[in-house]
Amino acid sequence: MKKAILLFSLVWTALAGAVETGEIRMLLEALALERVEDQEATLETLAESGDEYVTAFVDAWRVGEVREYQPEGSELFLVQEVSGKYVRVATGEPIELSSEAYEALDKNRAPRKLRRLLTRVTDTIGLASRNVDTRVDAALKLGASQNAEYLPELRKRFEAETNARAKRAFEEAIMISLLANAESPEERIEAVKRLGQLHSIRAKDKILAIVESSKEAGDEALLVAAESASRAIADHEELLKHAGSFFRGLSTGSVLLMVSFGLAITFGLMGIINMAHGEFIAIGGYTCFVVQGYFSNWFGEGSPAFQWFFWVSLPVSFVVAGGIGYLLEKGFFRFLYKRPLESLLATWGLSMVMRQAFRLKFGAANVQVANPDLLLGNFEYAGISMSYARLFAIAFAGFVCVLTWLLLTKTNLGLYIRAVMQNRNMASSLGIPVKRVNSMTFAFGCGLAAMAGAVLTQIGNVGPTMGQAYIVDSFMVVVVGGVGNLLGAGISAMGIGVFDQFLQPLFGPVMGKIIVLGMIILFLQWKPGGIFPTKSRSMDD
C-alpha cells in the first residue's frame, strides 16, 4: 500500500512538472530493485520528469555500473561510482567504501525486457526538460530519425508546448517524421509544404530525395510541392548566408575600429606611420594568456574564480600596453614626429624586434586562450547563429567608442589632444604641455590596440604575428575615414569589415582582399582626404 501511495504521488507531481531529482533517484532505485508495483506508470513518470539524471543512471545500469549494497542492520540499496566517489542512488549521499569492497558487490543490471522500454524513456526524456534548448534538440533528433513510434509523443508535446521556439521545433520534427510516416499522400504533401514554409534546412536533403523519387513515380502533385519547398529552403539558406557574412563583418569591423581609433589619434597628432601598432594587439593577446595562467595556478581551471581571468585581462592589457607605449614614445617615437618616411622604416624595424621578443618569450607556435563560460556557445535569432564571443566584440567596440568620445570631449586631456591636432605650435604657446599630451595619447592608443588583442583571443589563437593581419586594414580605415577623424574611422572600419566578409566567400580570401583594396583606391581617387577630410584653422581662414 505504501509503495502504491509513493508511486501515485510521484506520478501526480511529475504530471504537474514538480518532480525533484531526489524523488526521481528514489524511484529509480525502487525500479532497479523491483519494488514498484506498476512498471509502466513508473517509466511514464521518469519520461515526464525531464531529469537528466535518469539518462545517466540508465546508461550506467545497462552496463552493470550500479551495485547492490546492504550494510549490517540496514535494507538493501544501490551504490554507484560518480567522479571517483561512491554514492547511494536514492539519496546521492556518499558511502564509505574501498575500491576493493565496491568491486566485490553484486552488479545490478537492467533486465533484457526492460531495456527497450528504457531506451524509449531516455530518447524522449529530453522532450520534457525544463531547458528550452534541450527540448528543441531532443525534438529535432527524434524527428530526424523518422521513427513512427515517436510521432504520438511529439504531437502530444507540440500541443502542450508554450515556448514559441520549442513549439516550432516540435512542429518541424513532426513534419519531418511525416515525410516517411504519413498515412495518406495528401498528408505527405501537406508536410512537404509546411516544411517549405518553415524553411527547414534539416529537411532539405529529404525533400530533394522526394523530388527525385516523385519524378520517377510520376507523382505530379508531390513533385510540385517538393520543388516549391526546396526553392523556399534554398532562398532562406542564401539569406542566412548573407546575414551571417554581415554579422561576421560587423565583428571584424569592431576589432578594426578598436585598433584604428588609437592609430587615428596618434597618426593625426604626431604624423607617424606606426608599423609596430599591430604588435600592441599581440601584447594584449599575450597579456590575456599570462593572466589566464596566473588564474589557473592560483584557483584551478575548474573553479568559479577562473571564469574571471578574461574580464580581469581587459584592463590589465590596457595598462600593460599603455605603459610600454608610454616608454616607447619617450625613448623612440618622440624623435620621429612629422617624419612619415623615416617613421615608416623605423617602426617596421621595431615591429620585427617585438615579434622576435614574443617568439623568444612564448615560442613561435600559437598559444590558446580559453573562453569564459559566458562567451561560450551561440545566440540564434530567426535562424541566424551568432557566437557570444563575436557579439561581445561588437558590444565592446561600442564601449570603446563611448570611452574615447568621453575622453576627447569631457576631459582636459581630450581638449589638449584636439588643440594639438589642430595646431601644435599654437597649443604650445598657450601653455598646453604638448610633450606630455603626446605621451599620454600614444599610451592610450596602444592600450586600445591591446584591448582589441584581448578580445581577439576569444575568436582565434594568440601568436607573434597576430597583429600583422590587422595593421594594413587599420591604416586603410584611418586613411578612408579621414586622418584623425574618429567618426570617419568608425564608419570606414565597419564598411571595410562588412565588404571584406561579403567578398571572401564569393571570390576567396586573397581575391576578396584585392577587390577591397581596389575599391579603396578608387574611393581615394574621388575623395583624397577620406570621408571626413582634415581641416585646420588655416584652411578656414
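Remarks
- The numbered conditions (1) surrounded by fewer than 16 Cβ atoms within 10 Å (Cβ to Cβ); (2) closer than 18 Å to Trp61 by Cα are all true for Asp133 except (2).
- Within segment 122-139, being closer than 18 Å to Lys156 by Cβ, of a type outside the set (Gly, Ala, Ser) and not in a helix (DSSP H, G or I) holds for one residue alone: Arg130.
- The residues of segment 66-105 that are among the acidic types (Asp, Glu) and surrounded by 12 or more Cβ atoms within 10 Å (Cβ to Cβ), listed by number, are Glu68, Glu81.
- Scan segment 427-447 for residues that are free of Cβ contacts under 8 Å to residues at least 12 places away in the same chain and surrounded by 13 or more Cβ atoms within 10 Å (Cβ to Cβ) and the total you get is 2.
- Residue in segment 358-396 that is nearest to Gly447 (Cα to Cα), counting only those that are in a loop (DSSP other than H, G, I, E, B) and more than 19 Å from the chain's Cα centre (by Cα): Asn366
- Scan of segment 277-286 for residues that are out of contact with any strand residue (DSSP E or B) (no Cβ under 7 Å at 6 or more places or on another chain) and either aromatic (Phe, Trp, Tyr) or over 17 Å from Val255 (Cα atoms) (or both), ordered by number: Phe280
- Residue match in segment 107-121 (condition: under 30 Å from Val192 (Cα atoms) and buried (at least 18 other Cβ atoms within 10 Å of the Cβ)): yes
- Count of segment 312-357 residues which are within 14 Å of Phe444 (Cβ to Cβ) and either of a type in the set (Asp, Glu) or not assigned by TED's automatic domain parsing to the domain that holds Gly284 (or both): 1
- Given (1) surrounded by 15 or more Cβ atoms within 10 Å (Cβ to Cβ); (2) assigned to a helix (DSSP H, G or I), number of the condition Phe399 does not satisfy: (1)
- Matching residues, segment 337-348, being at pLDDT 80 or above and either farther than 13 Å from Met275 by Cα or of a type in the set (Asp, Glu) (or both): Glu342
- Thr119 vs. criteria among the polar types (S, T, N, Q), without any contact (Cβ under 8 Å) to a residue 40 or more places away in the chain and assigned to a helix (DSSP H, G or I): yes
- Of all residues in segment 123-161, exactly one satisfies the criterion of being at pLDDT 90 or above and among the β-branched types (Val, Ile, Thr), namely Val136.
- Some residue of segment 405-414 being buried (at least 23 other Cβ atoms within 10 Å of the Cβ), of a type in the set (Phe, Trp, Tyr) and under 30 Å from Leu391 (Cα atoms): no
- Elements of type helices (runs of 4 or more DSSP H) contained in segment 197-306, each with 2 or more residues being among the aromatic types (Phe, Trp, Tyr), touching a residue at least 12 places away in the same chain (Cβ under 8 Å) and over 30 Å from Ala173 (Cα atoms): 220-270, 277-299
- Hits in segment 468-500 - residues which are crowded, with 21+ Cβ neighbours inside 10 Å and over 27 Å from Gly414 (Cα atoms): Ile496, Gly497, Asp500
- All of Ser260, Ser245 fail the test of being in contact with a helix residue (DSSP H, G or I) (Cβ under 6 Å, 6 or more places away or on another chain), crowded, with 22+ Cβ neighbours inside 10 Å and hydroxyl-bearing (Ser, Thr, Tyr), apart from Ser260.
- Among the residues making up segment 31-60, those that are of a type in the set (Asp, Glu) and under 23 Å from Arg135 (Cβ atoms) are Glu44, Glu48, Asp51, Glu52, Asp59.
- Scanning segment 328-339 for residues that are exposed (fewer than 13 other Cβ atoms within 10 Å of the Cβ) and in contact with a helix residue (DSSP H, G or I) (Cβ under 9 Å, 6 or more places away or on another chain) yields Phe335, Lys338.
- Within the span defined as segment 376-388, every residue fails to be exposed (fewer than 13 other Cβ atoms within 10 Å of the Cβ), of a type in the set (Asp, Glu) and touching a residue at least 24 places away in the same chain (Cβ under 8 Å).
- Pairs linking a residue in segment 452-469 that is free of Cβ contacts under 8 Å to residues at least 40 places away in the same chain to a residue that is surrounded by fewer than 24 Cβ atoms within 10 Å (Cβ to Cβ), with Cβ atoms under 8 Å and 6 or more positions apart or on different chains, are Gly460/Met466.
The values are calculated or read from the model by the stated rules, or taken from the named source; none is laboratory data. None of the values given here were measured: they were computed from a predicted structure. Here Cβ is always computed from backbone atoms with ideal geometry, including for glycine, and neighbour counts include all displayed protein chains.
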